[in-house]
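The values are calculated or read from the model by the stated rules, or taken from the named source; none is laboratory data. Predicted model, so just to flag it, every value in this text is computed and none were measured. Positions of Cβ are backbone-derived with ideal geometry, glycine not excepted, and every protein chain shown enters the neighbour counts. What goes into the accessible areas is simple: the full protein's heavy atoms, side chains included, and nothing from ligands, DNA or RNA. Shrake-Rupley method; radii C 1.70, N 1.55, O 1.52, S 1.80 Å.
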Amino acid sequence: VLKTTNSSFVDFWRDELTTLPDMPDRLLSTKVLCQWKFVPTDLAALQQLPFNAIFDGAKRNTLDAFANDPRAWVHASVQTTLYIMADRILNDFASVDDVYYALPNIHYFPFDMAKFGLKNLQSDAEVYMPIADPSGFITATISRPAKGKF
């Protein structure tokens, strides 16, 4: 998926190994892997699960949260977006016990057009290229609270 607006990542924690610059307006792209788990109480309960509706809902929630949820816009990390997507699935489907996402960062930066006599700086960039440099590979499993007592 690719998001071309309402995405920035600035003022994040840095150390001596940080190479990612502040991006006040960025392209956000990832290849989504989403899996969910059911823990039915018995075979009859498993057979009654609306598998197609859950699949459609997971896809809808993933894409809608990625593109339209204001909590996943400005200054939001990929991790925040992942949590929002999983939380929406858990809220919509009581039979889903946990949701796993893998979201590798696919970074795009403005292409240097100076050698062609053209400006394509961050503030007015129109041509971007994906980079092959190491990027983050964000994974998480978001689960419902445990039902047992300690």
**Message:** Can you give the local net charge around residue 71? Use residues other than it whose beta-carbon is closer than 13 angstrom to its beta-carbon, Lys and Arg +1, Asp and Glu -1.
**Reply:** -2
**Request:** Set the Förster radius R0 to 22 Å, insert the Cβ-Cβ distance between residue 146 and residue 100 as r into 1/(1 + (r/R0)^6), and round the FRET efficiency to 0.05.
**Result:** 0.80
**Asked** Using helices alone, what [θ] at 222 nm do you get for the chain, with -39,500 (n - 2.57) per DSSP H run of 4 or more residues, divided over all residues and rounded to the nearest 500?
**Response** -8000 deg cm²/dmol
**Prompt:** Counting pairs of Cα atoms in region 13-150, how many percent are more than 19 Å apart?
**Reply:** 62
**Asked** What angle, in degrees between 0 and 90 and rounded to the nearest 10, separates the Cα long axis of helix 51-68 from the longest principal axis of the Cα atoms of the chain?
**Response** 30
**Complete:** The answer for region 68-132, accessible area per residue at 1.4 Å probe in Å², is 57
**Item:** Backbone N within region 90-134 under 13 Å of label point (7 Å from residue 42 Cα along the Cβ vector)
**Value:** none
**Message:** Before I look further, what does region 1-50 give for accessible area per residue, probe 1.4 Å, in whole square angstrom?
**Reply:** 71
**Asked** For region 1-51, what % of the accessible area comes from carbon and sulfur atoms, probe 1.4 Å?
**Response** 58
**Item:** Positive dipole terminus of the chain, leading residue within 38, 116, 58 (C-beta point charges)
**Value:** 38
**Request:** Could you order peptides 16-22, 87-93 by the average number of other Cβ atoms within 10 Å of their residues, highest first?
**Result:** 87-93, 16-22
**Request:** Starting from the Cα-Cα distance between residue 15 and residue 59, subtract it from 0.36 nm times their residue separation and give me the gain in nm to one decimal.
**Result:** 12.3 nm
